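Asker: Please see the structure below; I have some questions.
Every number in this text was worked out from the coordinates using simple rules, so none of it is lab data. Predicted model, so just to flag it, every value in this text is computed and none were measured. Virtual Cβ from ideal backbone geometry, glycine too; neighbours counted across all protein chains shown.
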Amino acid sequence: MKRIASNYHTVTLRFFLAACLAFPLLFACSHQPVYPTAGRVGPNIVIDPASLTPEIPQFYTYHYQGKNISYFVLKVQDKVLSFFDACASCYTHKRGYRYENGSVTCRNCNVKFSIFNLEKGLGSCYPLKIEGRMENGKYLIPVAALEYAADKF
C-alpha cells in the first residue's frame, strides 16, 4: 500500500513540475515579437526604401519608456507605406501581425489582409496606418507618431 501511495505522489509531483515548466512556454509565444530597430536621425526614423523587399513587410521595434512599439514598412508598387503592428480592435492582446503569402494576418483573430489593400484601412482589425513621408530618397516616420501610439503597446 505504501508503494502505491509513493508512486502516486511521484507521478503527481512529476506532473506538477512538468506543468510548471510548460505553463510559461504556452504564453511565451503569445505576445508580440521584438524586431530590430531602424535608424533614427533627429525627430525621424529613417528607412532606405532600397533596403525593402518589394511586397514583403519589414518589421521594426522602437523602444520608448519601457515599451516595445512595433511597426512595419512595406514597399508596394511605387509607394512606401508604414503601419503599426497593432490594430484598433485586437491591440489589447499585444500579438500584432505576421506576414504570409502576400497577406498580413492578425495573430489574435487570424483575419488576413492582402498587402495590396492595407492602405485602404477597412475594418477594425486593419493595421493602424503611420503617416510617413518620402524625403531625399528616404522614408521618414516621425518618432512623435510612434510615441503617441505607445498606449497600443
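Asker: With 10 angstrom as the radius, rank Val76, Val41, Val46 by how many other C-beta atoms surround their C-beta, starting from the fewest.
Answerer: Lowest to highest Cβ neighbour count: Val41, Val46, Val76.
Asker: May I pose another question? Label points 7 Å out from Cα along the Cβ direction at Asp151 and Gln77: separation in nm?
Answerer: Here the modelled spin labels are 3.5 nm apart.
Asker: Using Cβ counts within 10 Å as a stand-in for footprinting exposure, how do Ser124, Ser89, Ser82 rank, fewest first?
Answerer: In order of increasing Cβ crowding within 10 Å: Ser124, Ser89, Ser82.
Asker: Would you list Tyr91, Tyr97, Tyr35 from fewest to most Cβ contacts within 10 Å?
Answerer: The fewest-first ordering by Cβ neighbours comes to Tyr35, Tyr91, Tyr97.
Asker: Once you have a ≥ b ≥ c as the square roots of the Cα gyration tensor eigenvalues for the stretch 63-127, tell me rounded if a/c is under 1.5, and otherwise prolate or oblate according to whether a/b is larger than b/c.
Answerer: It is oblate, given that a/c is not under 1.5 and a/b is not larger than b/c.
Asker: Send over the Kirkwood Rh of the stretch 39-152, from the inverse of the averaged 1/r over different Cα pairs, rounded to one decimal Å.
Answerer: Mean inverse Cα-Cα distance, inverted, gives 14.2 Å.
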